[in-house]
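Chemist: Before I ask anything, here is the structure I am working with.
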Amino acid sequence: MTDEPATTRAAKLRTRKRDRRRVTVVGVVGELLITAGVLVFLFLGWQLWLNDLIVGDQQNQVAAGLSNSWTSGNVSLNHEQVITDYGDPVVMKAPAEAQAFAVMYVPRFGADYRRTISEGISTTRVLNKNGIGHYGTTQMPGAIGNFAVAAHRTTYGAPFSKIAELRVGDKIYVQTKDAFYTYVFRNRETVSPQGVGVLDPVPQFRDVDPTARLLTMTSCNPKFSAAERMIAYSVLESWQPVSAGPPAAIANLVSAKG
Amino acid sequence: MYGALWHILPGPAWVRVLILVVLLAAILFCLIEWIFPWVNSMLPTPDVTVDE
C-alpha cells in the first residue's frame, strides 16, 4: 500500500467516487418503487386518519354554526334533569335536497360530537360533503314513524365511525330550528344492502301502523366494506321547544360557539 | 436519482438538508391539498344506505 504511487491512489479514489455517483436504471427504478410505496402509505394515513380528523372538525364547526343560527348563541342553561311534557312534538317540513336542517349530538361518539343532518342520501351531494343525510322517503325528527339517516363509517369525516359502540340507553339528541328531540338507543341490526325494511315506519313490518317515534341510523358493515349495513334504532324519549333550552347533557355544547 | 439530487443541490450539507425539508413540506402540502382528495374521489366509497 505505502509503495503505491500517489497518482494511482488518487485515480482509484476518483473511480470509486464516480462509481458511487453513477445512476443506474435499476437504481432509479428501485428508488421510484420505494417512493411509490411511501406515497401509498402516506395516502392511507391521510385517508383513514388525518382526513377524518380534518373533515370531522370542519363538520363539527358547520354544525355549531347552524345550531347557533337558531339560538343566536343565547341558550338558557337549565342543568336540572327534569323532563317536561310539552305534548306532541312539533315536526318540521322536509327541506330542499342537500339542505342542512338539523344537528345531531351523540355523547357516545365524543364529548364535543355534533354533525349536521342534511336532506337526501346522495353520496356525492350529501354524504361525501355534509356528513349525515336523511332518507327523504322517511319521516322528520319527532314524527310518529321512522326518522332514518345515513352516514359514512369510514372516510369523508366518518360521522358514524363509532356506530358499533352505541350502548342501549345512550342518548342521541337532534336539534332543529324548532326543537330538541331526545332519542334513546334501543338496538342494532345488520342487514343486506337491499334491506329497505329498516326504513319502514315500523321497521321490518311493512303493513303495521306506527305508534312509536323512531330514529334509525344506517352505515356500512363491516368497516371499510359494503357487504352489509349496520342499523341502529333509537326511540324518542322526550322533546322540548328551542325556547325551553337544550337538554342538560348537551347544554354546554349548544351554547359553545364551537 | 436521490443521490444525484443531493449532488445537484448547492451549499454545505445543512443548507442542502434545509432545502430538502422545504421541498418535502411543499410536496406534502400539494399531496394533502389536491392530489389525495382527487385520488380519493376516484376510489369507490363503501355504500352506507339501503336501497332496492
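The values are calculated or read from the model by the stated rules, or taken from the named source; none is laboratory data. Being a predicted model, the structure only gives us computed values, none of them experimental. We place every Cβ from the backbone using ideal geometry, glycine too, and count neighbours over all the protein chains shown.
Chemist: For residues that are closer than 19 Å to A:Tyr181 by Cβ and surrounded by fewer than 22 Cβ atoms within 10 Å (Cβ to Cβ), scanning just the range A:141-165, find the one that is farthest from the other protein chains (Cβ to nearest Cβ).
Modeler: So, considering only residues that are closer than 19 Å to A:Tyr181 by Cβ and surrounded by fewer than 22 Cβ atoms within 10 Å (Cβ to Cβ), the one farthest from the other protein chains (Cβ to nearest Cβ) is A:Ile144.
Chemist: Here is a check on your reading of the model: is A:Leu127 crowded, with 16+ Cβ neighbours inside 10 Å and either hydroxyl-bearing (Ser, Thr, Tyr) or more than 21 Å from A:Gln58 (Cβ to Cβ) (or both)?
Modeler: no
Chemist: The conditions are (1) outside any loop (DSSP other than H, G, I, E, B); (2) under 17 Å from the mean Cα position of the chain (by Cα); (3) free of Cβ contacts under 8 Å to residues at least 24 places away in the same chain, and A:Thr218 fails exactly one of them. Which is it?
Modeler: Exception for A:Thr218: condition (3).
Chemist: Next up: Of the residues in the range A:196-236, how many are in contact with a strand residue (DSSP E or B) (Cβ under 6 Å, 6 or more places away or on another chain), closer than 15 Å to B:Glu52 by Cβ and not aliphatic (A, V, I, L, M)?
Modeler: Number satisfying all stated conditions: 2.
Chemist: Tell me, which residue of the range A:188-215 that is without any contact (Cβ under 8 Å) to a residue 40 or more places away in the chain and β-branched (Val, Ile, Thr) is nearest to the other protein chains (Cβ to nearest Cβ)?
Modeler: Taking the candidates together, the pick is A:Val196.
Chemist: Among A:Val196, A:Val184, A:Val202, which is under 30 Å from B:Asn40 (Cα atoms) and surrounded by 14 or more Cβ atoms within 10 Å (Cβ to Cβ)?
Modeler: Exactly one of A:Val196, A:Val184, A:Val202 is under 30 Å from B:Asn40 (Cα atoms) and surrounded by 14 or more Cβ atoms within 10 Å (Cβ to Cβ), namely A:Val196.
Chemist: Here is a check on your reading of the model: is B:Asp47 of a type in the set (Asp, Glu), modelled with pLDDT under 95 and either out of contact with any strand residue (DSSP E or B) (no Cβ under 9 Å at 6 or more places or on another chain) or farther than 30 Å from A:Val191 by Cβ (or both)?
Modeler: For B:Asp47, the condition - of a type in the set (Asp, Glu), modelled with pLDDT under 95 and either out of contact with any strand residue (DSSP E or B) (no Cβ under 9 Å at 6 or more places or on another chain) or farther than 30 Å from A:Val191 by Cβ (or both) - is not met.
Chemist: Which of the residues that make up the range A:227-258 are among the aliphatic types (A, V, I, L, M), more than 14 Å from chain B (Cβ to nearest Cβ) and outside any loop (DSSP other than H, G, I, E, B)?
Modeler: Residues satisfying the conditions are A:Val235, A:Leu236, A:Val242, A:Ala244, A:Ala248, A:Ala249, A:Ile250, A:Ala251, A:Leu253, A:Val254.
Chemist: Check off (1) assigned to a loop (DSSP other than H, G, I, E, B); (2) of a type in the set (Phe, Trp, Tyr); (3) surrounded by 16 or more Cβ atoms within 10 Å (Cβ to Cβ) for A:Phe224 and give me the number that stays unchecked.
Modeler: It is condition (3) that A:Phe224 fails.
Chemist: Tell me, please, whether a residue that is closer than 18 Å to A:Glu119 by Cα and among the polar types (S, T, N, Q) can be found in the range A:196-207.
Modeler: no
Chemist: Cβ contacts < 6 Å: first residue within 7 Å of chain A (Cβ to nearest Cβ), restricted to the range B:32-52; second residue among the hydroxyl-bearing types (Ser, Thr, Tyr), any location; separation 6+ or different chain. Result?
Modeler: B:Pro46/A:Ser225; B:Val48/A:Ser219; B:Val50/A:Thr218
Chemist: Further question: Of all the strands (runs of 3 or more DSSP E) wholly in the range A:93-137, which have at least 1 residues that are within 14 Å of chain B (Cβ to nearest Cβ), within 20 Å of A:Ile172 (Cβ to Cβ) and in contact (Cβ under 8 Å) with a residue 24 or more places away in the chain?
Modeler: In the range A:93-137, the matching strands (runs of 3 or more DSSP E) lie at A:114-119, A:132-134.
Chemist: Moving to a separate point now. Applying the selection to the range B:7-17, what residues are surrounded by 13 or more Cβ atoms within 10 Å (Cβ to Cβ) and either among the hydrophobic types (A, V, I, L, M, F, W, C) or modelled with pLDDT under 90 (or both)?
Modeler: The answer is B:Leu9, B:Val17.
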